[in-house]
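Data first, discussion second: the structure below is written as structure tokens.
The values are calculated or read from the model by the stated rules, or taken from the named source; none is laboratory data. These numbers come from a predicted model, not from an experiment. Please note that ligands, DNA and RNA were not included when accessible areas were found on the heavy atoms of the full protein model with its side chains. Shrake-Rupley method; radii C 1.70, N 1.55, O 1.52, S 1.80 Å.
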Amino acid sequence: MPKTQYYTATTIDGFIADEANSLDWLFEVGSDRADETGSNPFGEFFADVGAFAMGATTYQWVLGHENLLDNPGKWQESYGDVPAWVFTHRSLPPIPGASLHFVQGDVRPVHEAMTAAAGGKNVWVVGGGELAGLFADAGLLDELILGVAPVTLGSGAPLLPRRLSSKRLALSEVVRRGEFAYLTYALRAGA
């Protein structure tokens, strides 16, 4: 059964970016793309993704960090032809050749379109935390997969800027990969 998943790296104190929306803290820890066994957690995860969504800040970070307007092939290398939906209230430049949909408003109709496009595969909510929270608020988020990095920031962009009680979350897996602890939680609807 396909799932809608929020898969992200986070600090021990629950931030996904620092106050300047930087991920430098993550790159200081080292990549989780391949661990000491040679396995690739992101690659394994993304193989089951048929569509994904991100907010405007995340899109702008990826765009700038990877210099995608000058090197659009990098998008294809990372995400292939998997369609992406970008939630934004402003005009953003499209990446040439990428399957992008710029949207705004209620996540429910967008989730329906993403699920149809995913063709039986999972839907990934990349981030930020507020966007993931909107999917959770609408009862559309099935799973949190958190790669917890050994760093604290003290402030920044929160993992999920809302309260999800323990009645809604059930720990389903704990895995150590290098310096990262991967915690997977299933979300219970309406609890």
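Roughly speaking, to the nearest percent, how much of the stretch 93-182's 1.4 Å accessible area is carbon and sulfur?
54 percent
Please list VAL29, VAL86 in order of solvent-accessible area, largest first, computed with a 1.4 Å probe with all protein chains present.
VAL29, VAL86
Mind ranking ARG177, ARG108 by accessible surface for me, highest first, 1.4 Å probe?
Most to least solvent-accessible, the answer reads ARG108, ARG177.
Under 15 Å Cα to Cα from LYS167, which aspartates and glutamates show up? Leave out anything in the same chain fewer than 8 places away.
Straight-line reach from LYS167, under 15 Å: ASP137, ASP142, GLU143.
First obtain the Kirkwood hydrodynamic radius of the stretch 121-191 from its Cα pairs, then insert it into the Stokes-Einstein equation at 20 °C and 1.002 mPa s, and state the resulting D in µm² per second as a whole number.
Reported coefficient: 163 µm²/s.
Restricting to Cα pairs below 8 Å that are 6+ residues apart, what does the relative contact order work out to for the chain? Please round to a whole percent.
Here the relative contact order equals 34 percent.
Can you tell me the length gained on complete extension of the stretch ASP70 to LEU171, counting 0.36 nm per residue apart and subtracting the Cα distance?
Additional length available on full extension: 32.2 nm.
From Cα coordinates alone, what are the radius of gyration and Dmax values for the chain in angstrom?
For the chain, the Cα radius of gyration and maximum Cα-Cα distance read 15.9, 46 Å.
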